[in-house]
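Here the structure is laid out as structure tokens; the discussion comes afterwards.
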Amino acid sequence: MTDPLVAVRPWEAPEVTSWGRLPMNAVDRRSGALPLDGDWRFQLLPAPDAPVGGAWATAHVPGAWTVQDTDDLPQYTNVRMPFPEFPPHSPATNPTGVYERELDVPAAWAGRRIVLQVGAAESVLLVHVDGRPVGVSKDSHLAAEFDLTAFVSPGERSVLRLTVVKWSDATHIEDQDHWWHGGITRSVLLYATDPLRLADVTVRARRDGELRVDCLVRDDRGALPGGWYVTADLDGMLLAQDAGFDRRNAEDDRVSDFLGEARIHAVVPEVRTWNAEEPELYGLTVRLHRADGTVADTSYHRVGFRDVEIVGRDLLVNGERVFVRGVNRHDFHPLTGRTVSYDDMRADLVVLKRFGFNAIRTSHYPNDPALYDLADELGFYIVDEADIESHDHAHEIADDPRYLNAFVDRVSRMVLRDKNHPSVIIWSLGNESDYGANHDAAAGWVRRHDPTRPLQYEGAAKRGWADPDVASDIACPMYAPLEDCVAHALSGEQTKPLIQCEYSHAMGNSNGTLADHWAAIESTPGLQGGFIWEFWDHGILQRVSDGRPVGRTGAGLYDNGVAAPGHRWAYGGDFGEALHDGAFVADGIVFPDRTPKPAMYEHREVAAPVRIRCFRHEGVVLANHQHFRGLDWLTGTWELALADGRTLTGPARLPQLRPGETAAVPLPFAVPADGGEAWLTLRVTVAEDQAWAPAGTEVCAPGIRIRAAHAPERPVAAGPAVEVDREGLLRHPLLTAAPTLSLWRAPTDNDELGGMASRWRAWGLDRLVRKVVSVRRDGGSVAVVAQYAGTVGVVRHRQEFTPVEGGVRVDESAELPEEFSDVARVGSVFETVAGLDVLDWFGQGPWESYPDRAAGAPVGHHRLPVDELFTPYLRPQESGGRHGVRRFTLSAPDATVLAVELDEPRQVCVSRYRAEDLTAVTHHDELVPRAGCVVHIDAAHRGLGTASCGPDTFPSYLVAPGVHRWSWTLRVR
Ligand code: GAL
Ligand code: MG
């Protein structure tokens, strides 16, 4: 007999969002549940209607089968669907996982209502018990519950089968930009309730202490028994049910006997309010009592008292116009693909807190439920986004009535699940699905059900940032040019808060102009922030030998952003996919193992809670840049770096300041009258343990220049003549390649996808042909003129080598023709002998920094092994640069020191790789480090921008044609 669940082909029926599934609710069922996670019998069928065979393997639940030992491997496509069928169709070859296990229902559950919860299944779930059909569910990122009471017998064993169909009509609205997987990706559990139960609990807690708890009560035996009531306790304070609310429709006297409503209303005196800086939570236990007072059901909630409202064009939390320092986050893990543990999520949020983030957009589906608990607890504002992205067929689907149910279903189920979290401050209808009637239907549902939170949807906001009639209370563009945002805010037309749902694309070496964005946001009323795209580089740990994902057992096979030898971080195409979108899946501000990229330090600084306003003789003026907190949770250390090499340090006492206040504080040392250029850095650390950082954790390091450099003395000619060969190349015992001109960098992802790299290649900048024009000696000095020819232009390059005490001074100039209107860099590159393995520098650091991403790297004396300067971006590219370098040394264990003094602060890069080494490979593990150092000293270096998706860097960070001059001195000590 054909299985009826298969016979109706629910995977090609968008109208069918579920069958036999219980309504979503916010009652917490975790305690007392029977976990069903672990190894299940498993087989992978080629199609949902293929017969189930007799041969079983095992699969771990929760977990995608695509990273377990099957032949269906992960695939990455962005906009494009992975199959050609139009909605609502799916391909005939459609991997379908059959999971089976025994279900031993506790005898103690006799008389109780028994419910199966499947945390998430991708993309259609069919449930059978002992071969009998139980139900169907779609919506790959929300739990599905089924009442098994009629299917199982307490004290007996049943067989539970979960069939998961990978491709379906639903796949067309789950076309988010990440890996395609299949399987059960969140936990499965079984729980029991009394037939008389809490069907839902809605908690509303306002900043004035008002608390409303609305409970829905049902009894599965039929009519509700008389006399039931609800109580609650809030941190030990007993709250009683309001009279007159025990029946639905009580207000108009039509009595329902199957759905009871109970309301608890209380005002908490002197309430401690919740906000992302001080996430104060209260514990609320709701109890449903039978008439005799015994407890039939309980639900535990953590409550945060807070208000969210839009007033004018400001989004206010507790009346404060908070800045939204957000990031987009996927549920991602390099071993499991999708499945994330509580500890993983906690670690994600801890990193985000430490780097100054206060907001998360759950791109582009409801995240694992624990994430919201953690966000409540650690303090984040969440934009909760429904699981709707129909990117490839957006226009057709937005108005397709066959998908209407799915839109309303997905948005409403998210709201029903997450409505009690104080962290959730905004609902989002989804992502990149055009805008149609299906959105308005879903928006209508939310507005009626939850009037306490604003709603946003980028696809609607795009119709007009100020349009009052679209389904978005927020102007939430993605990658809007900063000048457009500022212009809108200044136009007088703005009606809604402007908070970009995506900005600053973090692919590879990126996030240029982040500080410029924040300078504008903080100084332009109407601009309130945005969400960086995105948190994760979605690299999946892969064995190089057989190309397979390592899977769950790979912990320990990576460290510091780098996969262990024999492994690599796979991106699109690495699993042999015929159709894929390459490294575009690696676009996060953390590596696949959560190691922060240097851009994180930039964010940390632009989000700094304490800022240095200015330096006066009596001290430094500090400002509290938080919204709610004082500075008492912070302490600090002053560091004064002097050009002469000294660093003075001393403890900082942070003043008592309310948000927005400033005060002058004295320094613990006198600033020496001598020593040249002087930079002051305040290393701000956590004074007392926070939930997300132990005392001593650095949270920001604002700096200020307190004395400018004197005009550098040009060392005068002295010493033996400089050795230059017939080609005009400098000969030096510590150099293996003489300094030559470089206009090229290994293109970053932004350079490639923004089109710059192809221009540079077309101009021949990666293979300039050098021809010496003249070599003139004048005393000990030598002047060399050379031409560097590209395909369209010729650069005239002049180097003058002058012997100075202990070394040689190099004065250079390069004249770029108009054709070379926007190049990667203009500077010198040379290579050193092996052994010079430690870099000391006076300049910005210690993090990697670039001209348009240099706010997070204070000026000081820094030291790092050369091997640690490099950032292992997944697709090798320009990496490891340091901005604002005044001088540096490279030293060897035998005390040989090569010292370079620069005429002014310059972009310097010391690396084990030539640009061509980086461009020759596609993955980090293929790189072979050179023994010596490749050193770049740049007169000008192009900003990084974010052109892989979004605006390029600003004109001020471009390298212009014309004459560039720079000089430097090379000495051996
Ligand atoms: C956005 C999209 C994201 C991601 C990003 C590029 O348009 O919403 O999901 O694709 O671009 O990385
Ligand atoms: Mg998309």
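The values are calculated or read from the model by the stated rules, or taken from the named source; none is laboratory data. Source: prediction; values computed, not measured. No Cβ is skipped: glycine too gets one built from the backbone with ideal geometry, and neighbour counts run over all protein chains shown. With ligands, DNA and RNA removed, areas are computed over all heavy atoms of the protein, side chains included. Shrake-Rupley method; radii C 1.70, N 1.55, O 1.52, S 1.80 Å.
When the Cα centres of region 68-108 and region 501-573 are compared, how far apart do they sit, in Å?
About 26 Å separates the Cα centre of region 68-108 from the one of region 501-573.
At a 1.4 Å probe radius, which order do His625, His393 fall into by accessible area, largest first? Before the final figure, lay out the partial values.
Numbers: His625 50, His393 15 Å².
Sorted descending by solvent-accessible area, the residues read His625, His393.
How large is the Kirkwood hydrodynamic radius of the chain, in angstrom, based on all distinct alpha carbon pairs? Could the numbers behind the result be given before it?
On the way: mean 1/r = 0.0325 Å⁻¹.
With all distinct Cα pairs of the chain included, I get 30.7 Å.
Considering amide H positions built from the backbone, and no H for Pro or chain starts, which residues 5 or more places from Ala143, or on another chain, come under 5 Å of its amide H?
Here nothing satisfies the definition.
Once amide H atoms are placed 1.01 Å from N in the peptide plane, what residues at a sequence separation of 5 or more from Asp200, or on another chain, have their amide H within under 5 Å of its amide H?
Answer set, sorted by chain and number: Leu216.
What list of ³J(HN,Hα) values in whole Hz, one per residue of region 200-214 in order, does the Karplus curve 6.51 cos²θ - 1.76 cosθ + 1.60 (θ = phi - 60°) give from phi, with Gly and Pro shown as x?
Whole-Hz 3J(HN,Hα) from phi for region 200-214: 6, 9, 10, 10, 10, 10, 9, 6, 7, x, 6, 10, 10, 10, 9.
Using Cα pairs closer than 8 Å and at least 6 residues apart in sequence, work out the relative contact order for region 897-973, in percent.
Working: 87 pairs, mean separation 33.8, N = 77.
The value is 44 percent.
Counting other Cβ atoms within 10 Å, which GluC sites (Glu not before Pro) in region 891-973 have at most 14 and lie in a DSSP loop?
Details: sites: Glu901, Glu916, Glu926; in loops: none.
For GluC sites (Glu not before Pro) across region 891-973 that sit outside H, G, I, E and B with at most 14 neighbouring Cβ atoms in 10 Å, the list is empty.
Whose amide H sits under 5 Å from the amide H of Gly881, counting only residues 5 or more places off or on another chain, with H placed in the peptide plane?
Those qualifying (amide H under 5 Å, at least 5 residues apart or on another chain) are Ser849.
If one computes P(r) from the Cα atoms of region 76-188, what percent of pairs lie at distances over 21 Å? It would help to have the intermediate numbers written out before the result.
Values: 2630 of 6328 pairs.
Distances greater than 21 Å cover 42 percent of the Cα pairs.
Largest first and in whole Å, give the semi-axes of region 637-689's equivalent ellipsoid, each being the square root of 5 times a Cα gyration tensor eigenvalue. Don't skip to the answer; put the middle values down first.
Working: eigenvalues 123, 33, 16 Å².
Values for region 637-689, descending: 25, 13, 9 Å.
Going by average Cβ neighbours within 10 Å, how do the peptides 43-49, 78-84, 168-174 rank, with the highest at the top? Write out the running numbers ahead of the final one.
Working: 43-49: 18.0, 78-84: 15.6, 168-174: 27.6.
Ranking the peptides 43-49, 78-84, 168-174 by packing returns 168-174, 43-49, 78-84.
Starting at the first residue of region 310-315, write each ³J(HN,Hα) from the Karplus equation 6.51 cos²θ - 1.76 cosθ + 1.60 with θ = phi - 60°, in whole Hz, x for Gly and Pro.
Result, ordered by residue: 10, 10, x, 10, 10, 8 Hz.
Apply the Karplus parameterisation 6.51 cos²θ - 1.76 cosθ + 1.60, with θ equal to phi minus 60°, to every residue of region 725-735 and state each ³J(HN,Hα) to the nearest whole Hz, in sequence, with x for glycine and proline.
Couplings: 7, 5, 7, x, 9, 5, 9, 8, x, 9, 10 Hz.
Where does helix 514-523 land angle-wise versus the long Cα axis of the chain, in degrees 0 to 90, nearest 10?
Tilt of helix 514-523: around 70 degrees.
I need the Kirkwood Rh of region 459-553: take the reciprocal of the average 1/r across all distinct C-alpha pairs and report it in angstrom.
Values: mean 1/r = 0.0650 Å⁻¹.
One decimal place: 15.4 Å for the Kirkwood radius.
Scan region 51-132 for chymotrypsin sites (Phe, Trp or Tyr not before Pro) in coil per DSSP, keeping those whose Cβ has at most 16 other Cβ atoms within 10 Å, and list them by number. Let's see the in-between values first.
On the way: sites: Trp56, Trp65, Tyr76, Tyr99, Trp109; in loops: Trp56.
Answer in residue order: Trp56.
How tilted is helix 404-418 with respect to the longest principal axis of the chain? Cα atoms for both, answer in degrees (0 to 90, nearest 10).
Long axis of 404-418 versus the principal axis of the chain: about 80 degrees.
With a cap of 15 neighbouring Cβ atoms within 10 Å, and only residues DSSP puts in a loop, list the trypsin sites (Lys or Arg not before Pro) found in region 726-758. The partial results should precede the final answer.
Numbers: sites: Arg726, Arg731, Arg745; in loops: Arg726, Arg731, Arg745.
Listed in order of number, the matching sites are Arg726, Arg731.
Which number comes out as Rg/Rh for region 555-640 once both Rg and the Kirkwood Rh are worked out on C-alpha atoms? Write down the numbers at each step before the final one.
On the way: Rg = 20.9 Å, Rh = 17.2 Å.
My calculation puts Rg/Rh at 1.21.
Can you tell me the Rg and Dmax of region 1-86, counting just the alpha carbons, in angstroms?
16.8, 46
Could you tell me what % of all Cα pairs in region 622-720 have separations over 15 Å? Spell out each step's value before the answer.
Working: 3298 of 4851 pairs.
Here the tail beyond 15 Å accounts for 68 percent of pairs.
If you count, for each residue, the other Cβ atoms within 10 Å and average over each peptide, how do 764-772, 436-444, 368-376, 828-836 line up from highest to lowest?
368-376, 436-444, 828-836, 764-772
Rounded to the nearest 500, what is the chain's calculated 222 nm mean residue ellipticity when only DSSP H runs of at least 4 contribute -39500 (n - 2.57) each, over all residues?
On the way: 13 runs with 110 residues, N = 973.
Theoretical 222 nm ellipticity from helices: -3000 deg cm²/dmol.
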